[in-house]
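One structure is given below, encoded as structure tokens.
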Amino acid sequence: MKKALSLLVAFAMALSLVACGGSDSSAAGGSSAAASGSGEATATAGVCWYNFGDTFIANARNTLNEAAAADGTIKVVDADSLNDVATQTSNINNFYTQGVDYLVLNNINNNAIAEIIEQAKEEGVTLIFANTNSPTDEEFAMYDKVYHVSSVAEQSGTIIGEALAKYWNEHPEADRNGNGKLDYIMLLGIQGHYDTEVRSANSLKALEDAGIETECVQETICNYQRAEAQNQVASILQARKDDIDAVIACNDDMALGAIEALKAAGFFGEGEYIPVVGVDATANGVEAIKEGTMLCTALNNPVTLGNSVYKLMTVLEKGEEPTQENIGIDGTTVEGHHIYINYVGITADNTEDAAY
Ligand code: BGC
């Protein structure tokens, strides 16, 4: 019944897309991408991204919408949660009212995973958690139509921590105040976001595993945003400029903000070098590695994320369960209802590996 309704909706949307020249706005405030591929869409997916303005999310979103537009099996309608839990909840409810078949959730309501699954079950909608922490085994057991597509956060923390450890061991002058400790600033993403918690913890663990003593000069939440990081680092530098040996940023945008602040305070170029590490390998992040300001990043591939989510839905549409073979996307590991996306460490030695 729902499928039949979706077919009708998809057909109506396809007509309106022709009239509007390929784009349309959804009731949930986002955009839709549909059937320009071989046939008519057989299902609709409502996608809640946490923030359209986030660089990484913008890339993943484009990829997913392009995949839907090229293939046409599944119509994708998306909405912006504006980094706000209440907006996310209202977007989810709008999608259920619209009768979607799939809900793709870049979840920011970490305290409500069980409730979110319960609601999807009541609605009979397949729920795909994307770029967020995984439900627990108990939560998966609540409903057989729950899936999870995300990168393996632990890897990214380890990659950047190990790069920092290598630099520290090869550069005695990196201990700027000579206290024998690696004094760092930690730039965190959104409060409680899984990636930020795991990246920060694992980067420090890698330093500890390498036998390096560390000291936190300041840990600060910058919401994955470049401007916030720039402001925070600028003010930390005013107070503790001589005590900072490194900046660990939980994404490239924040690393780039830190680099701007460091440049303004006289570092880099003719000035002293301070290692800054980030995560994502965004285009600007990779440029910073090439220019010699950022030491290392970990490629978090948004194209793989967008394509994996779309491929998963097409596989499920065929009545199959995901396997390594039928998902068939490089850089992913399929395990049960999980598609894990692997990170790749990027330094000045292999910037070409960051291309996507
Ligand atoms: C990315 C960040 C992004 C965040 C948003 C992370 O996986 O690395 O750049 O801001 O997801 O959810």
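Structure summary
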read-out: GluC sites (Glu not before Pro) within the stretch 166-236, DSSP loop, no more than 15 other Cβ atoms inside 10 Å; value: Glu213
read-out: Helix axis angle, 55-71 relative to the chain longest principal axis, alpha carbon, degrees; value: 30 degrees
read-out: Dipole magnitude of the chain, debye to nearest 20 (Cβ charges: Lys/Arg +1, Asp/Glu -1, about Cα centre); value: 920 debye
read-out: For the chain, diffusion coefficient by Stokes-Einstein and Kirkwood Rh (Cα), 10 °C, 1.306 mPa s, µm²/s; value: 75 µm²/s
read-out: ³J(HN,Hα) computed for each position of the stretch 111-118 - Karplus, 6.51 cos²θ - 1.76 cosθ + 1.60, integer Hz, glycine/proline x; value: 7, 10, 4, 4, 5, 5, 5, 4
read-out: Heavy-atom accessible surface of the chain: percent carbon and sulfur, 1.4 Å; value: 49 percent
read-out: Antiparallel DSSP beta bridges within the chain, percent to nearest 5; value: 20 percent
read-out: Average accessible surface area per residue within the chain, 1.4 Å rolling probe, Å²; value: 41 Å²
read-out: Label-point separation in nm, Tyr356 to Asp137, each point 7 Å along Cα→Cβ; value: 3.0 nm
read-out: Area accessible to solvent at His148, 1.4 Å probe radius, in Å²; value: 10 Å²
read-out: Helix 252-264 vs. the chain, principal-axis angle (Cα, 0 to 90°, nearest 10); value: 30 degrees
read-out: Local electrostatic count at Asn202 - Lys and Arg +1, Asp and Glu -1, tallied over other residues with Cβ under 14 Å; value: -4
read-out: Fully extended contour minus Cα-Cα distance, from Lys181 to Glu215, at 0.36 nm per residue; value: 11.6 nm
read-out: Order of exposure, largest accessible area first, which applies to Lys311, Lys205, Lys290 with probe 1.4 Å; value: Lys290, Lys205, Lys311
read-out: Between 0 and 90°, nearest 10: helix 153-170 axis offset from the chain longest Cα axis; value: 20 degrees
read-out: Which of Arg226, Arg199 is most accessible, then next, and so on - probe 1.4 Å; value: Arg226, Arg199
read-out: Surface accessible to a 1.4 Å probe, Ser134 within the full protein complex, Å²; value: 40 Å²
read-out: Fluctuation leader among Gly72, Gly257, Gly271 - the chain, Gaussian network, Cα springs under 10 angstrom; value: Gly271
read-out: q = 0.08, 0.15, 0.19 Å⁻¹, the stretch 154-299: log10 I(q)/I(0) [Debye, one scatterer per Cα]; value: -0.17, -0.64, -1.09
read-out: Estimated 222 nm signal from helices in the chain, with DSSP H stretches of n ≥ 4 weighted -39500 (n - 2.57), rounded to 500; value: -14000 deg cm²/dmol
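The values are calculated or read from the model by the stated rules, or taken from the named source; none is laboratory data. Since this is a predicted model, take the numbers as computed values, not measurements. For neighbour counting, all protein chains shown are included, and Cβ atoms are generated from backbone atoms with ideal geometry for every residue, glycine included. The protein model used for the area step is the full one, side chains on, heavy atoms only, and it has no ligands, DNA or RNA in it. Shrake-Rupley method; radii C 1.70, N 1.55, O 1.52, S 1.80 Å.
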